[in-house]
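**Student:** The following block contains the structure, expressed as structure tokens.
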Amino acid sequence: MVIIIGAVLGGYFLMGGHLAVLVQPFEALIILGAAAGAFVIGNTGPVLKQAAGVFGTLLRGPRYDKAAYIELLGLQFSIFKLVQSRGILALEPHIENPEESELFKQFPRFAANHHAVEFMCDYLRMVSLGSNNVHEMEALMDEELETHHQENARLVNAIQSLADGTPALGIVAAVLGVIHTMGAISEPPEVLGHMIGGALVGTFLGVFVAYGFFGPFAQSLRNIFEAESKYYLSMKTGLLAHISGYPPVMAIEFARKMLMSEDRPTFTEIDEATATLPATA
């Protein structure tokens, strides 16, 4: 954002432009106010609520890093090892009361993620109840993950629509500025010039915020959500490998392979991490 503002306003200033001309608060009110109103009209309550925290999401970036993935794989290893040694019913106290589970408390970042805990517990519960058809489980997981993806995509699409529409709202502000100028046509040229310049600021502002901010915001959110989807894909793959009968070390290797190369822990790192895990109970 600093680069964008510095390049545009700095270039304008260096070419001899007067920055004071760009200060048109009423043009900004027309454009940004109408954009906010259109955003409210075009989106549902959950999307508006999600949008309230969009700047925090953008500043934070992807929620998961290599340490979070190592923790997730360690959790899966502990769960699968517990099932291997004591049977699937040993998971019942953990999946029925995850907030009180000593197993989950060993992995605090996972335990603090309500959606991830719910996803893991729901499918482990289904396995404990006898659902062990890998293909049916995979189809159900895919549907749930697709729903989760669609929920995130709603926000991305909403902001992208904002980016697409703001240039047109800039034209609206410019036209209103020209109408205002025509109402003062009897004024001297220097006054009319200032008024026309102010009207053109509307077009500039609409295009500037659309392609300089709203569009990149949408793309940044898309990248963040795609990166975070790998966390759930890793859980899905590990669970399916476990249901298929693979031993814990192989199941988490399947899960590890689903991660982006820049965040994916090595086999050695996972081996070292799982070797230091406390005994499951």
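**Student:** Taking all protein chains in place and a 1.4 Å probe, what share, in percent, of the accessible surface of the chain do carbon and sulfur account for?
**Tutor:** 65 percent
**Student:** Also, quick follow-up: Using the basic label-point model (7 angstrom from Cα toward the beta carbon), what is the residue 102 to residue 138 distance in nanometres?
**Tutor:** Those two pseudo-labels are separated by 3.7 nm.
**Student:** Taking 1 over the mean of 1/r across every pair of different Cα atoms in the chain, what Kirkwood radius in Å do you get?
**Tutor:** Averaging 1/r across every pair of different Cα atoms and inverting gives 22.5 Å.
**Student:** Is it possible to state the helix-based mean residue ellipticity at 222 nm for the chain, with each DSSP H run of 4+ residues giving -39500 (n - 2.57), the sum divided by total residues, to the nearest 500 deg cm²/dmol? What is it?
**Tutor:** The per-residue figure over the chain is -24500 deg cm²/dmol.
**Student:** Accessible area per residue of the range 184-275 at 1.4 Å probe, in Å²?
**Tutor:** 47 Å²
**Student:** Mind checking which aspartates and glutamates have their C-alpha under 18 Å from residue 49, skipping anything on the same chain fewer than 8 residues away?
**Tutor:** Excluding near neighbours in sequence, the set is 151.
**Student:** Using Cα pairs closer than 8 Å and at least 6 residues apart in sequence, work out the relative contact order for the range 66-156, in percent.
**Tutor:** With pairs under 8 Å counted, the relative contact order is 22 percent.
**Student:** Rolling a 1.4 Å sphere over the protein heavy atoms, what is the accessible area per residue of the range 42-118, to the nearest Å²?
**Tutor:** 53 Å²
**Student:** Quote the FRET efficiency, to the nearest 0.05, computed for residue 179 versus residue 52 with a Förster distance R0 of 30 Å and r equal to the Cβ-Cβ distance.
**Tutor:** So, using R0 = 30 Å, E works out to roughly 0.30.
**Student:** Starting from the Cα gyration tensor of the range 150-281, multiply each eigenvalue by 5, take the square root, and state the resulting semi-axes largest first in whole Å.
**Tutor:** Sorted largest first and rounded, they come to 59, 14, 9 Å.
**Student:** Over 19 Å between Cα atoms: which of 105/257; 105/230; 236/257 fall into that group?
**Tutor:** Beyond 19 Å between Cα atoms: 105/257; 105/230.
The values are calculated or read from the model by the stated rules, or taken from the named source; none is laboratory data. Being a predicted model, the structure only gives us computed values, none of them experimental. All Cβ positions, glycine included, derive from the backbone under ideal geometry; neighbour counts span all protein chains shown. These accessible areas exclude ligands, DNA and RNA; they are computed on the full protein's heavy atoms, side chains included. Shrake-Rupley method; radii C 1.70, N 1.55, O 1.52, S 1.80 Å.
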